[in-house]
């Protein structure tokens with residue numbers, strides 16, 4: 001009987017965004033870490049991750065059962081040719097189609113990348129026009145909507161991000177619901193603002209406020225994929241977010257805090273909510289760097305990926321040793 005009850009438990013998952021670069025040619029989103037670095041990083045090539053590091057992280061996601069939320073980079077970080085190479089390579093190593101969150105993309109580049117993409121994500125952040133003027137003044141909503149229309153033409157899915165705690169209120173929920181309906185969105189990620197030093201923000205949203213946005217969205221759109229992004233000081237709300245209608249969670253530093261008390265508490269929270277976690281935040285025993293030899297990358301790149309994986313594994317081991325049974 002117990003086995004049968006486990007089979008019908010709803011599943012949830014951890015989604016990890018893979019960052020490709022810490023450069024952004026816009027750089028004036030008032031909540032963003034990149035806005036505090038604008039005078040320090042002026043050359044996009046200096047802020048890029050190496051391909052082997054990106055691919056090693058994608059391999060970790062595959063082996064640990066983490067869904068890649070999206071490949072993410074600031075505006076102007078890569079040429080389209082460079083971005084295409086990254087997307088194709090990550091697709092090969094991960095084995096599934098990917099989401100892109102790299103700014104506004106036109107129809108032509110989306111069409112070229114279509115074989116490797118599930119869809120494109122627009123960083124909407126807020127639908128309150130007054131909030132947007134402060135939070136993301138150089139990201140016109142019409143440009144994001146243009147990308148969504150291109151996705152419609154190509155049969156690609158559409159996702160969006162919303163950050164709660166930027167100054168919006170519950171009265172703005174109808175604006176969001178109208179936008180989701182207008183563009184027939186497939187997925188949304190709600191982030192609870194985690195204030196960054198050097199920005200104008202000092203406090204994130206209360207849990208009850210976060211829950212209300214998720215509940216109202218789920219009630220209006222039963223089939224929408226909802227991902228919620230919390231932080232290590234908010235892990236006890238994951239239980240409630242899942243019950244409110246979230247399908248998955250994100251924004252947890254899953255490598256740095258692998259098998260830590262935080263990770264174990266999250267797994268416990270998921271279980272107490274009656275959900276079954278796909279993948280793991282505590283067991284890396286299935287990771288074998290030698291599996292990289294099965295891929296079609298050049299011998300030199302395979303060697304570099306394996307070397308990076310060994311470093312990642314040592315980080316997981318160090319985290320596990322640091323926390324022990326704490």
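The values are calculated or read from the model by the stated rules, or taken from the named source; none is laboratory data. Keep in mind it's a predicted model, so treat the numbers as computed, not measured. For neighbour counting, all protein chains shown are included, and Cβ atoms are generated from backbone atoms with ideal geometry for every residue, glycine included.
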**Request:** Please indicate, with yes or no, whether at least one residue in segment 148-159 is in contact with a strand residue (DSSP E or B) (Cβ under 6 Å, 6 or more places away or on another chain), surrounded by 21 or more Cβ atoms within 10 Å (Cβ to Cβ) and in a loop (DSSP other than H, G, I, E, B).
**Result:** yes
**Request:** Output the helices (runs of 4 or more DSSP H) that fall wholly within segment 216-326 and possess 1 or more residues being on the phi > 0 side of the Ramachandran plot, or say none.
**Result:** none
**Request:** Within segment 54-84, track down each residue that is assigned to a loop (DSSP other than H, G, I, E, B) and more than 27 Å from residue 287 (Cα to Cα).
**Result:** 74, 75, 76, 77, 78, 79
**Restricting segment 160-196 to residues that are buried (at least 17 other Cβ atoms within 10 Å of the Cβ) and touching a residue at least 60 places away in the same chain (Cβ under 8 Å), the residue that is farthest from residue 226 (Cα to Cα)** = 166
**Prompt:** Restricting attention to segment 76-84, does a residue exist that is on the phi > 0 side of the Ramachandran plot and at pLDDT below 95?
**Reply:** yes
**Complete:** Counted residues in segment 124-142 being outside any helix (DSSP H, G or I), surrounded by fewer than 21 Cβ atoms within 10 Å (Cβ to Cβ) and either in contact (Cβ under 8 Å) with a residue 40 or more places away in the chain or within 19 Å of the chain's Cα centre (by Cα) (or both) come to 5
**Message:** Looking at residue 280 and the list (1) in contact with a strand residue (DSSP E or B) (Cβ under 7 Å, 6 or more places away or on another chain); (2) over 20 Å from residue 185 (Cβ atoms); (3) crowded, with 16+ Cβ neighbours inside 10 Å; (4) modelled with pLDDT of 95 or more, which single condition is not satisfied?
**Reply:** (1)
**Some residue of segment 95-107 being assigned to a helix (DSSP H, G or I), free of Cβ contacts under 8 Å to residues at least 40 places away in the same chain, within 14 Å of residue 147 (Cβ to Cβ) and out of contact with any strand residue (DSSP E or B) (no Cβ under 8 Å at 6 or more places or on another chain)** = no
**Asked** Just one of the numbered conditions (1) part of a helix (DSSP H, G or I); (2) within 19 Å of the chain's Cα centre (by Cα); (3) over 30 Å from residue 111 (Cβ atoms) is not true of residue 196; which one?
**Response** (1)
